[in-house]
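Below: one structure, written as structure tokens.
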Amino acid sequence: MGEWPEDWDMPEQVFVRDNVDASEIAARDEFNRNNPPIRGLSVPDDLRTIELIKRPWRNNKGLWFELAENRVLSSHLAELAPGGNSVRHRHTTEAVIYIVKGHGYSIVNYEGEEEQRIDWQEGTLFSPPVWAWHQHFNADPNETARYLAVQDTGLIRHMRFHQIERHPTQLKQGGGLDYEVNAVPAQAQEREAVGEPAGEQ
């Protein structure tokens, strides 16, 4: 009990080789040095209204929480601009995403596999698989959308397996760590715009 099954089917591409040029680790760590995560037993403010800080490398706003001195679980709150989308990316952490506010959809796929669309609204809970490309879209042209992501970052960092990578289509603009990214939409959104199916619902 508590061991991985012998027939566990882990896609080969999950075993990551570092891509330094596309890594978001340095930008994430610099953000948290400049904007320390909220600590304690609880977040003192409403997740729907708490002030968030621009994350230019992810094309959204965000803030991290390190609650109860947890060594495995880490969480962050992110906000998508009206009609906006995040950068397409993937990471070696497991992540469970809860929609705090708004409605939209996410595009998820492994390299070379068909893109799947997950529609979401306030109260939706979903999880992109480890090392699968994913991108989040706010479908409301007038209001922001927010999601809470809970991840096993502490464990994965301790194992020296932590990586966050931008998709090759997401072009870095500028130097340093406070860089911006041209957050190009996933192909499924473009197909949907011309009336073609966007993948599984």
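The values are calculated or read from the model by the stated rules, or taken from the named source; none is laboratory data. Remember, predicted model here, so these are calculated numbers, not experimental data. For neighbour counting, all protein chains shown are included, and Cβ atoms are generated from backbone atoms with ideal geometry for every residue, glycine included. Only protein heavy atoms, including side chains, enter the accessible area calculation; ligands, DNA and RNA are left aside. Shrake-Rupley method; radii C 1.70, N 1.55, O 1.52, S 1.80 Å.
Note on LEU155 and ALA26: the model spin-label points, each 7 Å out from Cα along the C-beta direction, lie 3.0 nm apart. Note on VAL72 and SER127: the extension gain reaches 18.1 nm, defined as 0.36 nm multiplied by sequence separation minus the Cα-Cα distance.
If you sort ASP46, ASP178 by accessible surface, 1.4 Å probe, largest first, the order is ASP178, ASP46. Would you work out if the range 119-168 is rounded, prolate or oblate? Take a ≥ b ≥ c from the square roots of the eigenvalues of the alpha-carbon gyration tensor; rounded if a/c is under 1.5, else prolate when a/b is larger than b/c, oblate otherwise. It is prolate, given that a/c is not under 1.5 and a/b is the larger ratio. Annotation for VAL43 and GLN173: the two label points, set 7 Å from Cα along the Cα-Cβ direction, are 2.8 nm apart.
Largest first, the residues LYS172, LYS101, LYS54 sort by 1.4 Å accessible area into LYS54, LYS172, LYS101.
Annotation: per residue accessible area for the range 57-108 equals 34 Å², rounded to a whole number [probe 1.4 Å, protein chains only].
In the range 44-187, carbon and sulfur make up what percent of the accessible area (probe 1.4 Å)? C and S fraction of accessible area: 50 percent. Charges were assigned to the Cβ only: +1 to each Lys and Arg, -1 to each Asp and Glu. The resulting dipole of the range 75-152 about its Cα centre is roughly 180 debye. Restricting the GluC sites (Glu not before Pro) of the range 117-184 to loop positions (DSSP other than H, G, I, E, B) with no more than 16 neighbouring Cβ atoms within 10 Å leaves GLU122, GLU143.
Under the rule a/c < 1.5 gives rounded, and otherwise a/b versus b/c splits prolate from oblate, where does the range 44-188 land using the Cα gyration tensor? Cα axes put the range 44-188 in the rounded bin.
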